[in-house]
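What follows is calculated from the coordinates using simple rules that are stated; it is not laboratory data. This is a predicted model, so every value here is computed, not measured. Cβ atoms come from the backbone with ideal geometry, glycine included; neighbour counts cover every protein chain shown.
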Amino acid sequence: MNQIIITSVLALSVGGAAGFLVGQSQRESGQVSAPSGAHSHRVIQRSGVSGAREVYSRGNETRRNSFRSSSEVFRQGTQTSRVEDLITFYSQLDSYELEAEVDALASMGMPDRMLASYLLFAKWAEVDPVSAMAKTDSLGRMGIFSKSTVLRSWAAVDPEEAARYYQGNQSDFSTLEAMAGGRRGGGMSPVSSIAAEWSKENPDEALAWALGQEGNNANRALGGLFGELVKTDPEKAKALSSSLDAEHQISAQQAIARTLGSENYELAEEWISSLPVEQQGAAKLTALRSLAAREPGEAALKLDEITDANEKQDLIATIANGYARGDGAGGVEFLVQTGDVEALSRSINEPMRSWVATEPQQAREYVVSMAEGEVRDETVRSYIAADRTNSNYKEQLDLVTTIQDDSDRGDSFNTVMGRFLNSDRDAARQYLLEDANIPEDQIEAVINDVQRSSRRGRGRFRRN
């Protein structure tokens, strides 16, 4: 069992759009493509698919996979073993049986439904993609995401037929195109999925098809093609990209830089240095963004290589988000060390939230110890917004009083006082009267102002 597939699907079941997180469909010999044109229930015969039940060994336990329905799969085993069992169960079914299993999805909870839906439609598309695609039209919003799964899985089996179906039914994919976003292939749109899969079989044919797409779809297809091709044949990817016109070359270079930056930054630097000088800046920024998502510390060391102020702030935000995924403290410290108040204000919330969630006391000690100034004000504000579990409201309000900026201090006061009022209104009133020295006849006015501010969303996280 491909552990990458299992991990991807498990992540999918937690949340996210099912159709956009498709894994790699396994290519099998003897597969026959579905006919183009109108929807058909013809079944694609697949050689090598045995009805024999697979035997799994888990620890000291060996058992035979004998599930009669997908609902049985979810009644036992671990989440990882359920992925394996669902793949095996669905692989034993023909097109009509797979269609019947779609009805069972309605009775599942959302996490199980997303997991089963992805695997079911991915397998159905390998067996009878036209029927699978037709079924998505009757499934409402879930069908939009399933349509993406079917197309990607179909393209992995027969990209030319998948492309032909897409061209003949392009309006069916307009919602997916809009949701994918990114004119240069950053999102996994239908055309980028097809081109990515096609590039594994015949990159020259994939390129010809991509260039034949209209408008932004050409750039999106090129993004998918070159982002995939550079993983397996970087020299071919470089050669093909250099043959393109200026507009399309940018899309290809962005895709190459995005992939190499994530997977092999040294190779990315070597390739970037071979580009014309005027093309190196954009490629370097894209590669560094990808590096930042995987290794934010390494990207931080290269921050000074970006000279444009706006591009540098954008990279700082990407680095901070990279830190937030596993080292919130590192992200906060990185932002503070930049000394860039604007960049810190835009980017600190995610790493601070991550740090407070894992080490709230250490986060507090850090902000308390900071030297006065704008950087500290923004950092304290972010800490106050993030630390929702600290019920020592007086201690938090004492920290708020150390913020010098009036706006940040007001936002943070409203944040803490709003929590205080929700927790213990009488104690909050007493604090306002005795500790804040607010006259009794003004207490209600202050409380009303705090509550109005909370309803307007002030004192909450600013958007990065």
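Structural remarks
- Annotation for the range 59-164: trypsin sites (Lys or Arg not before Pro) lying in DSSP loop with at most 14 further Cβ atoms inside 10 Å of their Cβ are ARG68, ARG75.
- Relative contact order [Cα under 8 Å, 6+ residues apart], the range 331-396, whole percent: 35 percent
- Modelled FRET efficiency - R0 22 Å, ALA357 with GLU395, Cβ distances, 0.05 increments: 0.70
- Note on GLN167 and ASP426: the model spin-label points, each 7 Å out from Cα along the C-beta direction, lie 7.7 nm apart.
- Contact order normalised by residue count of the range 162-295, Cα under 8 Å, 6+ apart, percent: 19 percent
- Gain on full stretching of the segment that runs from THR307 to ARG68 - 0.36 nm per residue minus C-alpha separation: 79.9 nm
- Protection proxy ranking, peptides 222-231, 265-274, average beta carbon neighbours within 10 Å, highest first: 222-231, 265-274
- Checking the cross-link pairs LYS238/LYS302; LYS123/LYS231; LYS231/LYS302; LYS135/LYS231; LYS123/LYS200 against a 28 Å limit on the alpha carbon distance flags LYS135/LYS231 as lying beyond it.
- Taking Cβ atoms as reference points and 14 Å as the exclusive limit, the residues near SER369 contribute a net charge of -1, counting Lys and Arg as +1 and Asp and Glu as -1.
- Part-to-part distance (alpha-carbon centres) for the range 200-262 and the range 94-113, which is given in Å: 36 Å
- Once you reduce the range 310-371 and the range 391-405 to the center of their Cα atoms, the two points are 20 Å from each other.
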